[in-house]
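Each remark here refers to the structure printed beneath this line.
The values are calculated or read from the model by the stated rules, or taken from the named source; none is laboratory data. Just so we're clear, the structure is a prediction, and the values are computed from it rather than from any experiment. All Cβ positions, glycine included, derive from the backbone under ideal geometry; neighbour counts span all protein chains shown. Heavy atoms of the whole protein, side chains included, go into the accessibility calculation; ligands, DNA and RNA do not. Shrake-Rupley method; radii C 1.70, N 1.55, O 1.52, S 1.80 Å.
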Amino acid sequence: MTQDRPLLAVQEALKKCFPVMEEQQSLWQSTLRDCQPLLASLSNLAEQLQAAQNLRFEDVPSLRAFPDLKERLRRKQLEAGDTVLDKLGERLAALLKVRDTVSSHVEQVLHIYEQHADTIGIDAVLQASVVSPSVADMLEWLQDIERHYRRSKVPKEKIPPVLNPVGRSGKHPSFATGLGPNFGR
């Protein structure tokens, strides 16, 4: 009976880990879904900024009465872009948290396995049953899951490098500077 305790400890750790993986996958998927409308909004704002930049306001008679309209519109659009980027930053933080949570749980299970590996023996690790896959298979699945999140293209920074501030106007000035070299002029 005491020989089964190490194997039971690993199986128990695995049993607790897989529901966490399922929960984290659900959170990952919902967060990615939340990003889609934000990215569409950011794309629309970029198009609006580009269109406003290309428009010669002074050539439109009804707009001549508002000499600072172009700058006010640009400022409002940049502020809206900052708001969207902030929301995307929150979603990115959620994705990074999922990745870290998955890695932490997998690391805990692997640590428990490593503590007991010599005691358990290879035959017990490879033994599957009618109701349960082998410990080796489940450990491999966890490593695959963890690798999936680690390799997902989620930047380590809070804001993707393409959107990092570069010291010009706006909270996330690269939103504007990414629209072309003449955008801010």
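Using beta carbons and a limit of 9 Å, which pairs, at least six apart or on different chains, have the first residue in the stretch 109-120 and aromatic (F, W, Y) and in a helix (DSSP H, G or I) and the second one surrounded by 13 or more Cβ atoms within 10 Å (Cβ to Cβ) and modelled with pLDDT under 95?
Correct list of pairs: Y113/I120; Y113/V125.
For the stretch 26-55, enumerate the residues that are in contact (Cβ under 8 Å) with a residue 24 or more places away in the chain and among the acidic types (D, E).
Within the stretch 26-55, the first condition is being in contact (Cβ under 8 Å) with a residue 24 or more places away in the chain, and the residues that meet it are 27-28, 31-32, 34-35, 38-39, 41-42, 45-46, 48-50, 52-53.
Selection gives D34 alone.
Being within 30 Å of D4 (Cβ to Cβ), open to solvent by less than 60 Å² (accessible area, probe 1.4 Å) and either outside any loop (DSSP other than H, G, I, E, B) or modelled with pLDDT of 95 or more (or both) is true for just one of A124, A94. Which residue is that? Spell out how you get there, then give the answer.
Details: A94 fails: within 30 Å of D4 (Cβ to Cβ).
After ruling out the rest, the residue left standing is A124.
Please tell me if K156 is under 27 Å from L38 (Cβ atoms), over 19 Å from the mean Cα position of the chain (by Cα) and either open to solvent by 40 Å² or more (accessible area, probe 1.4 Å) or modelled with pLDDT under 90 (or both). Don't jump to the end; show me each part of the working.
Details: under 27 Å from L38 (Cβ atoms): yes; over 19 Å from the mean Cα position of the chain (by Cα): no; either open to solvent by 40 Å² or more (accessible area, probe 1.4 Å) or modelled with pLDDT under 90 (or both): yes.
Criteria not met by K156.
Within the stretch 71-89, is even one residue open to solvent by 70 Å² or more (accessible area, probe 1.4 Å), in contact with a Phe, Trp or Tyr (Cβ under 9 Å, 6 or more places away or on another chain) and either in a helix (DSSP H, G or I) or β-branched (V, I, T) (or both)?
Taking every residue of the stretch 71-89 in turn, at least one turns out to be open to solvent by 70 Å² or more (accessible area, probe 1.4 Å), in contact with a Phe, Trp or Tyr (Cβ under 9 Å, 6 or more places away or on another chain) and either in a helix (DSSP H, G or I) or β-branched (V, I, T) (or both).
Do the conditions hold for S103, that is, is it in contact with an Asp or Glu (Cβ under 7 Å, 6 or more places away or on another chain), of a type in the set (G, A, S) and surrounded by fewer than 16 Cβ atoms within 10 Å (Cβ to Cβ)? Reasoning before the result, please.
Numbers: in contact with an Asp or Glu (Cβ under 7 Å, 6 or more places away or on another chain): yes; of a type in the set (G, A, S): yes; surrounded by fewer than 16 Cβ atoms within 10 Å (Cβ to Cβ): yes.
Against the criterion (in contact with an Asp or Glu (Cβ under 7 Å, 6 or more places away or on another chain), of a type in the set (G, A, S) and surrounded by fewer than 16 Cβ atoms within 10 Å (Cβ to Cβ)), S103 qualifies.
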